[in-house]
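S.K.: Before I ask anything, let me first share the structure, which is written out below as C-alpha cells.
The values are calculated or read from the model by the stated rules, or taken from the named source; none is laboratory data. Only a predicted model underlies this, so the values are computations on that prediction, with no experimental measurement involved. Cβ coordinates were reconstructed from backbone atoms using ideal geometry, including for glycine residues, and neighbour counts include every protein chain displayed. What goes into the accessible areas is simple: the full protein's heavy atoms, side chains included, and nothing from ligands, DNA or RNA. Shrake-Rupley method; radii C 1.70, N 1.55, O 1.52, S 1.80 Å.
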Amino acid sequence: MKYLIKNGRVIDPADKIDEFSDVFIAEGKIERIGKNLNVKPDEVIDAKDRIVAPGLVDMHVHLREPGREDKETMRSGTRAALKGGFTSVACMPNTEPPIDNPKIVKLVRDIIKKDALCNVFIISAITKGREGKVLADFDQVKKTSLAAVSDDGACVEDANLMLKALKECKKSHLLLIDHCEDTKISSGGVINKGFVSTKMGLRGIPKEAEYKMVKRDIELAKKASTNIHIAHVSCKESIDLIRKAKSDGIKVSAETAPHYFSLTEDCCVTYDTNTKMNPPLRTTGDVNAIKEALSDGTIDAIATDHAPHTDSEKGVEFDFAPFGVIGLETALSLAAVELVERGALSWPDAILKMSTNPARILGLDKGGLKTGGQADIVIIDPNKEYVYEEESIESKCKNSPFIGWRLKAKVTHVFVAGELVMNDEVIIYAAEMIGRL
Ligand SMILES: [Zn+2]
Ligand SMILES: [Zn+2]
C-alpha cells in the first residue's frame, strides 16, 4: 500500500525538521517528504492540525512473556505500545525464566515473530538469573545482536562484578542499563522516606539508595571508559551527579519515567497501591529538578518502565503490593500535559526524548524520518482532550494511577514498517503483517 500523509506538522528531531509537509510512504519505506507532493497514493490521510513524527521508542518495558502471561503478553503489550504511539520497545529480561542466555533469547524472538505488533528489541541480563553473582556470557549475547544488557528490577551490588560487566560491555559494544538501588539502604521500604512515609506509618526508601549507586556506577563507567545508562532517575541528587558526569565528559545517559515528572509522594496518602513504584515517587523539588533536567538535556530520554501487575496482586495492603505501574498508553499525553503545556519542553524536544534519543542510546536505526528508511510513523492530535478510562486500556493490567485523569494529545495513526496498524485511534492489522513487522 502507498500512503500520503498530507498537511501535517512534520517533526523529525534527528534532522532538526519542524515544518508543514507531506509524507509519502511506499513499499514500507518513507519514499518522499516535501510540500504538495505530486504522487499516486492508494490512500490519503489528512493530518491537518496534527503532528507527524517518527514512531516513539520506549527503551524500558516489562512485557512479562514468557512466564507471566496473566499480567501481559507480547500481543497485549505491543497493542498497548501502539495505542501510546510506540513503534519500537525494548523489553527487560526479568521474565520467568529470565532472559540470560541464547536459548531464552531465541524463545522470546519466536514469540515476537509470532505475536508482536511493533518492533520489539530484547534486553538480556547482566548476570545469570539476574542474581548479581556470575556474569552472563556477553559474547553469546552479542551474537544474538541485542542492543543492551540490564538486571533491571535488581541492582548489581558487587562493585567488582559491575566493573567487570562494564569492561565486558565495552568489548562487546553493548550498553549497560543500570537499575540503581542499594538494597541495604532501601531494604523493606515501600515509599519515599520523608514526612509522608512517617505520617502514613510506612517504611521509607531514602533517596540515598538510588544516588549512592548512581555515583558508584558513574565512577565505574569512567574507570572502564565505557557508556552507562541510568534507568528511571527519580531524584535531584541523581540528576546533579549525572549533570556533573556529563560535563566531565563521562559517557553517561539517563532516562526518567512519566510518573516521576507527573506525581509526588503526596499521591500515596490514599494508600492506592498504583502509586507504589520503585524507585518511589519523590517530592515537588525532585519533580521540578526532573523537568529542568529534561529541559537542559541532563536526562536524555523518557521511558515508561511499563510494569503490569494484576488486580489481585495490587489489591492488597500497601506494604505487600508489588512495585510498578503500566505506562505505555499514557506516556505521550503526560509529556504533553506536564512538559509541553507547562513550557518545560517543546514538541520537537518531547519527540526527541521519546523517539530519537532512546533510539540513539540503544544504537537502533529508528527515531527519525529519513527518506528511504523504514516507515515507522506516528500521527498525533496534540489538542485532543480526553479522560483516561479503565475500559480504554489495551494492556492486560489496569494498574495506573492516572485513571480518571483529564489528558491531552492523542495518537490517531500509527505506521509500522509502512503498514497502517492504527487508523483513527483504532488498532487494525492483518494477520499476514505479523512477522513482517
Ligand atoms: Zn528498575
Ligand atoms: Zn523496570
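S.K.: Which listed residue (ILE191, ALA359, THR304) has the Cα farthest towards the positive end of the charge dipole for the chain, taking +1 on Lys and Arg C-beta and -1 on Asp and Glu C-beta about the Cα centre?
M.R.: ALA359
S.K.: Under 16 Å between alpha carbons, and skipping anything fewer than 8 positions from LYS164 in its own chain: which aspartates and glutamates qualify?
M.R.: Qualifying aspartates and glutamates at Cα under 16 Å: GLU131, ASP137, ASP139, ASP151, ASP178, ASP217, GLU219.
S.K.: Under a point-charge model restricted to the Cβ atoms of Lys and Arg (+1) and Asp and Glu (-1), what is the dipole moment magnitude of region 130-212 relative to its Cα centre, in debye to the nearest 20?
M.R.: The calculation lands at about 140 debye.
S.K.: In square angstrom, what is the accessible area per residue of region 261-320 with a 1.4 angstrom probe?
M.R.: So region 261-320 comes to 35 Å² accessible per residue, rounded to a whole number.
S.K.: Cα convex hull of region 291-382: how many Å³ per residue?
M.R.: 146
S.K.: Okay, moving on. When you have a sec, figure out the Kirkwood radius of region 185-229 from all distinct Cα pair distances and drop it here in Å to one decimal?
M.R.: Radius from the Kirkwood sum: 11.9 Å.
S.K.: If every alpha-carbon in region 27-86 counts as one equal scatterer, what log10 I(q)/I(0) does Debye give at q = 0.18, 0.25, 0.28 1/Å?
M.R.: Normalising to I(0) and taking log10 leaves -0.82, -1.14, -1.28.
S.K.: Take the Cα pairs of region 266-309, get the Kirkwood Rh, then feed it into Stokes-Einstein at 10 °C and 1.306 mPa s and tell me D in µm²/s.
M.R.: 130
S.K.: Can you work out ³J(HN,Hα) from phi for every residue in region 371-380, in order, using Karplus 6.51 cos²θ - 1.76 cosθ + 1.60 and θ = phi - 60°, giving whole Hz and x for Gly and Pro?
M.R.: Rounded to whole hertz, the list is 4, x, x, 4, 7, 9, 9, 10, 10, 10.
S.K.: Based on the Cα gyration tensor of the chain, what are the three equivalent ellipsoid semi-axes, each the root of five times an eigenvalue, rounded to whole Å and given largest first?
M.R.: They are 33, 24, 21 Å, listed from largest to smallest.
S.K.: Can I ask one more? Please calculate how many Å² of accessible area region 144-208 carries per residue, with a 1.4 Å probe and no DNA, RNA or ligand atoms counted.
M.R.: 42
S.K.: Right, next: Divide by every residue of the chain the summed helix terms, -39500 (n - 2.57) for each DSSP H run of at least 4, and state the resulting mean residue ellipticity at 222 nm, rounded to the nearest 500 deg cm²/dmol.
M.R.: So the helix-based figure for the chain works out to -7500 deg cm²/dmol.
S.K.: Bin all alpha-carbon pair distances of region 311-437 at 5 Å intervals from 0 and give each bin's fraction as a whole percent.
M.R.: 2, 9, 15, 18, 19, 16, 12, 6, 2, 0, 0
S.K.: Continuing with the same structure: In whole Å, what are the extents of region 377-428 along the principal axes defined by its C-alpha atoms, from largest to smallest?
M.R.: For region 377-428, the Cα spread along each principal axis is 34, 27, 13 Å.
S.K.: On average, how much area does the Cα convex hull of region 50-130 cover when viewed from any direction, in nm²?
M.R.: The orientation-averaged projected area of the Cα hull of region 50-130 comes to 5.3 nm².
S.K.: Students often get this wrong, so check it: of LYS199/LYS276; LYS133/LYS251; LYS133/LYS184; LYS29/LYS410; LYS2/LYS408; LYS16/LYS408, which have C-alpha atoms separated by over 21 Å?
M.R.: With Cα atoms farther than 21 Å apart: LYS133/LYS251; LYS29/LYS410; LYS2/LYS408; LYS16/LYS408.
S.K.: How about region 235-329: which GluC sites (Glu not before Pro) there are in a DSSP loop, with at most 10 other Cβ atoms within 10 Å of their Cβ?
M.R.: In loop regions of region 235-329 (DSSP not H, G, I, E or B), the sparsely surrounded GluC sites (Glu not before Pro) are GLU317.
S.K.: Quantify, in whole percent, the carbon and sulfur part of the accessible surface of region 54-113 (1.4 Å probe; protein heavy atoms only).
M.R.: Within region 54-113, the accessible surface is 55 percent carbon and sulfur.
S.K.: What translational diffusion coefficient, to the nearest whole µm²/s, does region 244-400 have by Stokes-Einstein, given a Kirkwood radius computed over alpha-carbon pairs, a temperature of 20 °C and 1.002 mPa s viscosity?
M.R.: This corresponds to a translational diffusion coefficient of 125 µm²/s.
S.K.: Given the alpha-carbon gyration tensor of region 1-148, what are the semi-axes of its equivalent ellipsoid in whole angstrom, ordered largest first, with each equal to the square root of 5 times an eigenvalue?
M.R.: 38, 16, 13
S.K.: How many lysine pairs are close in region 289-397, with Cα atoms under 24 Å apart and the two 8 or more places apart or on different chains?
M.R.: Total qualifying Lys-Lys pairs in region 289-397 comes to 6.
S.K.: Next up: Rounded to the nearest 20 Debye, what is the dipole magnitude of region 295-437 about its Cα centre when Lys and Arg each give +1 and Asp and Glu each give -1 at the C-beta?
M.R.: With only Lys, Arg, Asp and Glu charged at Cβ, the dipole is about 440 debye.
S.K.: Ignoring ligands, DNA and RNA, what percent of the accessible area of region 250-305 is carbon or sulfur (1.4 Å)?
M.R.: 49
S.K.: Each label point is 7 Å from the Cα along the Cα-to-Cβ direction; what then is the distance between the points at THR270 and TYR386, in nm?
M.R.: Modelled inter-label distance: 2.1 nm.
S.K.: Then there is this: Over region 46-128, give the accessible area per residue in Å² for a 1.4 Å probe, as an integer.
M.R.: 30
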